[in-house]
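Engineer: Sharing a structure with you now.
Derivation of every value follows stated rules applied to the coordinates shown; laboratory data play no part. These numbers come from a predicted model, not from an experiment. Cβ placement follows ideal geometry from the backbone for every residue including glycine, while neighbour counts extend to all protein chains displayed.
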Amino acid sequence: MKPGNQDSRRQHGWTGWLFASPWVVGFLALIVYPFAASLYWSFCRYDLLSPPEFVGVENYARLSHEFVQGGRFGQAVWNTCYYAVVSVPLSIALGIGLAVLLSARIRGRAVFRTVFFLPTVIPVVATSVLWLWLLDPQSGFVNHALSWFGVPPQNWFKGVGEAAWPLHWGTESGGFGSKDALVLMSLWGVGNFMVIYMAALGDIPKTLYEAATLDGAGPARRFRHVTLPLLSPVIFFNLVMGMIQSVQAFTQVYIVSEGRGEPAGASLMLSLHLFLSAFQNLEMGYASAMAWILFVILLTATAVLFRTSRHWVHYQGER
Amino acid sequence: MRRCLLFLTALLFAIPLILMVSSSLKPADQLATDPYSIWPDSFAWSNYAEALRALPFLRYLRNSLVLCLGSVLGTVSSCSLVAYSLARLKWRGRDVVFAVIIGTMLLPWHVTMIPRFLLLRELGLYNSLAALIAPTFLGDAFFIFLLRQFFRTIPEELSEAARLDGLSEWGIFWRIVLPLSKPALFTVALFQFIASWNDFSGPLLYLSDPHQFPLAYGLERFISSYSDQTHLLLAAATMFTLPIVILFFLTQRTFIQGIAATGLK
């Protein structure tokens, strides 16, 4: 670096911090302080009415007990994992599918794109009302449409079924339940992912496909060996962001489950359980401990994804 | 084959919305006896009038607009300042600050929720829209990132020339960089407007007085008390959704480019 550059690096010192000051204040007040406070409170009994009282690891012990015994917390962990593990891969697959379908030059492409994207701009409150009605077990349109294909009525938001869990297949709990309904809702909002994949597909050089065709690769092999590797950075991005978002899903969960995780706790996600523990039961310490466990789980999962990404994510320009 | 598949999928995606709008116009008795037909027997616009009367729609709308416009003002002003600092000024620690900002995007809200709530309550903001607006004046990581990327594309020579002419940094920011960044500022304003319009958990946490409720939250309260009046629910949900859909159609390009850009950086 030239010495002149060194000087200019310093020239805006105070001005730089001054311009950045809104964020600095926000970072200290809304992130650093809350993280410190919630870490401390997670070792306290704190009901807002009296000052926090230090109780050591009591909250964490209670959480691990509930996890092992299948209490509310254990149920919430299972529900959250189920929702994330089912909805994220399906959303990615559907997003890629739609983007590939729309990648050809066909008439009405813009119209199709709008139709697929439109659900993502509908406010979540409205989406939840809409799907509560469409998925009503008695009079909902979806069960009606399923009956045309001979599918028996499903309980959706009113049921505890977990259709994606193989152990339930063929049993009472094998039908579509409340979490499956939430997954369906999330799939309806797949337009964001689709748009990102469309942009990424547009960036793949045409010459790669031509070269693959010359080498005798059919459409399936071109997809497997050209499209997928070149999309892998975006898939990875959506995997990480999708996981973080699905774990944080709150509004739709709150609305469809009557704000309580109904029925029978089948829709009780971690974020809802945490909210209810804090603001309904006034167990701030217990809720803070739960928040930290959730944070650590998310960090670990992100780190694991980053580690595995070395083996399957291909960045163009490397190698 | 591809067209056929596309058409079928598009139909699946469109049906919920079509049903929502068409059923919101069905007379209540038709909705009860014949819920599956697409076309209303007669257009019951009275559903809308009734929904408007059943919930204080205009007051909720006013609150929503205060919330949205206040948040847009807060986000655009704070994020553009911070982004300018990161993109156009050279100072020690800048790169660290930028990395930290990016890192905060991955933090879940769960950990900060309780202390943040108690802090804002301490400041006397509980049960006031200000609790939802004030934090937007302290920047948002995602929007700062978006604006920074845009500011970096403005030629540095413009700033250098202005500096030689004796313009202060504030002058360069205000008179040169901001006017050139209208598209990016518009994208940020649009996304923040929609986020505030849709926000449900914020009002749920901070507002208890129905006079303060914005539409998203007021509508949910309405749902829980009118759950058997489907025609009114659908009319209210349609009215709540319509402004956003219109906004989307007016700004579709900005919208979709904005989303696509987030995934490719």
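Engineer: Can you give the calculated 222 nm mean residue ellipticity of chain B, where each DSSP H run of n ≥ 4 adds -39,500 (n - 2.57) and the sum is split over every residue, rounded to the nearest 500 deg cm²/dmol? Don't jump to the answer; show the numbers that get you there.
Structural biologist: On the way: 15 runs with 191 residues, N = 265.
Result for chain B: -22500 deg cm²/dmol, rounded to the nearest 500.
Engineer: Would you order B:Cys68, A:Cys44 from fewest to most other beta-carbon atoms within 10 Å of each residue's own beta-carbon?
Structural biologist: Neighbour counts put them in this order, fewest first: A:Cys44, B:Cys68.
Engineer: Sticking with this one: In terms of the Cα gyration tensor, with a ≥ b ≥ c the square roots of its eigenvalues, is chain A rounded because a/c is under 1.5, prolate because a/b exceeds b/c, or oblate?
Structural biologist: Details: a/c = 1.98, a/b = 1.07, b/c = 1.85.
Oblate is the answer for chain A, as a/c is 1.5 or above yet b/c matches or exceeds a/b.
Engineer: While we're on this one: Considering Cα pairs under 8 angstrom that are at least six residues apart, work out the relative contact order of region A:187-319 and quote it in whole percent.
Structural biologist: Numbers: 75 pairs, mean separation 31.2, N = 133.
Here the relative contact order equals 23 percent.
Engineer: Under 10 Å, Cα contacts only: if you run a Gaussian network model on chain B, which one of B:Leu67, B:Leu138, B:Leu11 comes out with the highest mean-square fluctuation?
Structural biologist: Ranking B:Leu67, B:Leu138, B:Leu11 by mean-square fluctuation puts B:Leu11 first.
Engineer: Percent relative contact order of chain B, based on C-alpha pairs within less than 8 angstrom and at least six residues apart?
Structural biologist: Details: 246 pairs, mean separation 81.4, N = 265.
It rounds to 31 percent for chain B.
Engineer: Using r as the Cβ-Cβ distance of B:Glu122 and A:Asn281, and R0 as 25 Å, what FRET efficiency do you calculate, to the nearest 0.05? Kindly include the intermediate steps, with their values, before the conclusion.
Structural biologist: Working: r = 21 Å, r/R0 = 0.86.
Efficiency, from the Cβ-Cβ distance: 0.70.
Engineer: Test of understanding: ordering A:Phe43, A:Phe117 by Cβ neighbours within 10 Å, fewest first, what list do you get?
Structural biologist: A:Phe43, A:Phe117
Engineer: Can you compute the label reach from A:Leu28? Point 7 Å from Cα along the Cβ direction, backbone N cut-off under 16 Å, restricted to region B:122-145.
Structural biologist: B:138-139
Engineer: Let me ask something else. Within 10 Å of each residue's Cβ, count the other Cβ atoms and sort A:Trp78, A:Trp148 from fewest upward. Let's see the in-between values first.
Structural biologist: Details: A:Trp78 20, A:Trp148 7.
Lowest count first: A:Trp148, A:Trp78.
Engineer: Once both axes come from the Cα atoms, what is the angle between helix B:109-122 and the longest principal axis of chain B, in degrees from 0 to 90, rounded to 10?
Structural biologist: The helix B:109-122 is inclined about 80 degrees to chain B.
Engineer: Rounded if a/c is under 1.5, else prolate if a/b is larger than b/c, else oblate: which is region A:114-157, with a ≥ b ≥ c the root eigenvalues of its Cα gyration tensor? Could you put the intermediate results ahead of the total?
Structural biologist: Values: a/c = 3.71, a/b = 1.76, b/c = 2.11.
Cα axes put region A:114-157 in the oblate bin.
Engineer: Take each complete run of DSSP H in chain A, measure how far its Cα atoms stretch along the helix's own axis, and keep only those covering 20 Å or more with mean Kyte-Doolittle hydropathy at least -1.0; list them.
Structural biologist: Numbers: long enough: A:72-101 (43 Å, 1.25); A:228-248 (29 Å, 1.45); A:284-312 (41 Å, 1.09).
Those that pass (Cα extent of 20 Å or more, hydropathy at least -1.0) are A:72-101, A:228-248, A:284-312.
Engineer: Considering every residue in A:97-104, what mean count of other chain Cβ atoms within 10 Å of its Cβ is obtained? Walk me through the numbers on the way to the answer.
Structural biologist: Values: counts 2, 4, 0, 1, 6, 2, 1, 3.
So the per-residue partner count for this stretch is 2.
Engineer: Normalized C-alpha radius of gyration of region A:155-243, against 2.2 N^0.38 Å?
Structural biologist: Working: Rg = 18.7 Å, N = 89, 2.2 N^0.38 = 12.1 Å.
Taking the Cα Rg and dividing by 2.2 N^0.38 Å, one obtains 1.54.
Engineer: Which shape class, rounded, prolate or oblate, goes with the protein assembly as shown when its Cα gyration tensor gives a ≥ b ≥ c as root eigenvalues, a/c under 1.5 marks rounded, and past that a/b bigger than b/c marks prolate?
Structural biologist: Details: a/c = 1.41, a/b = 1.19, b/c = 1.19.
Rounded is the answer for the protein assembly as shown, as its axis ratio a/c remains below 1.5.
Engineer: What is the distance, in nm, between label points placed 7 Å from the Cα along the Cα-to-Cβ direction at B:Leu65 and at A:Ile106?
Structural biologist: Each label point is offset 7 Å from its Cα along the Cβ direction, giving 4.3 nm.
Engineer: Compute for region A:83-163: radius of gyration divided by Kirkwood radius, i.e. Rg/Rh, restricted to C-alpha atoms, rounded to two decimals. Provide the component values of the computation, followed by the final result.
Structural biologist: On the way: Rg = 15.7 Å, Rh = 15.2 Å.
Expressed as Rg/Rh, it is 1.03.
Engineer: Please compute the net charge surrounding B:Ser227, taking Lys and Arg as +1 and Asp and Glu as -1 over other residues with Cβ under 14 Å from its Cβ.
Structural biologist: Values: positive: A:Lys158, B:Arg221; negative: A:Asp136, A:Glu258, A:Glu262, B:Glu220, B:Asp228.
Residues near B:Ser227 contribute -3 overall.
Engineer: Tell me the angle of helix B:230-250 to the major Cα principal axis of chain B, expressed in degrees between 0 and 90 and rounded to the nearest ten.
Structural biologist: On a 0 to 90 degree scale, this one is about 30.
Engineer: Please list the three semi-axes, largest first and in whole Å, of the ellipsoid equivalent to region A:223-280, using sqrt of 5 times the eigenvalues of its alpha carbon gyration tensor. Mind dumping the intermediate values first?
Structural biologist: On the way: eigenvalues 247, 26, 10 Å².
Semi-axes from the Cα gyration tensor: 35, 11, 7 Å.
Engineer: Next question, about the same structure. Hey, if you drop one equal point scatterer on each alpha-carbon of region B:44-195 and run the Debye formula without solvent, what base-10 log of I(q)/I(0) do you get at q = 0.09, 0.13, 0.21 Å⁻¹?
Structural biologist: Those come out to -0.41, -0.74, -1.31, one per q.
Engineer: What number comes out for the charge environment of A:Pro123, summing +1 per Lys or Arg and -1 per Asp or Glu over other residues with Cβ under 14 Å away?
Structural biologist: Details: positive: none; negative: B:Asp199, B:Glu220.
Result for the local shell: -2.
Engineer: Per 5 Å bin, what is the whole-percent P(r) computed from every C-alpha pair distance within region B:138-210?
Structural biologist: Distribution as computed: 3, 13, 18, 18, 14, 10, 8, 6, 5, 3, 1, 0 percent.
Engineer: Turning to a different aspect of this structure: What aspartates and glutamates does A:Lys179 reach when the alpha-carbon gap must be under 18 Å and sequence neighbours fewer than 8 apart in one chain are set aside?
Structural biologist: Of all the aspartates and glutamates, those that pass the test against A:Lys179 - Cα under 18 Å, at least 8 places apart if same chain - are A:Asp136, A:Glu162, A:Glu258, A:Glu262.
Engineer: Find the relative contact order for region B:9-127 and round it to a whole percent, using C-alpha pairs within less than 8 Å whose residues are 6+ positions apart. Don't skip to the answer; put the middle values down first.
Structural biologist: Values: 36 pairs, mean separation 15.6, N = 119.
After rounding, I find 13 percent.
Engineer: With charges only on Cβ, +1 for K and R and -1 for D and E, what is the dipole size of the protein assembly as shown about its Cα centre, in debye, rounded to 20?
Structural biologist: Details: 40 positive and 32 negative charges, 392 e Å.
So the magnitude is around 1880 debye.
Engineer: Taking R0 as 22 Å, what FRET efficiency do you get between A:His65 and B:Trp109 from their Cβ-Cβ distance, rounded to the nearest 0.05?
Structural biologist: Working from the Cβ atoms, E equals 0.25.
Engineer: For chain A, what is the mean residue ellipticity at 222 nm derived from helices alone (per DSSP H run of n ≥ 4: -39500 (n - 2.57); sum divided by total residues; nearest 500 deg cm²/dmol)? Spell out each step's value before the answer.
Structural biologist: Numbers: 16 runs with 208 residues, N = 319.
Value at 222 nm, helices only, nearest 500: -20500 deg cm²/dmol.
Engineer: Compute the long axis of helix B:182-198 from its Cα atoms, compare it with the longest principal axis of the Cα atoms of chain B, and write down the angle in degrees, 0 to 90, nearest 10.
Structural biologist: Taking Cα atoms only, the helix is inclined about 40 degrees.
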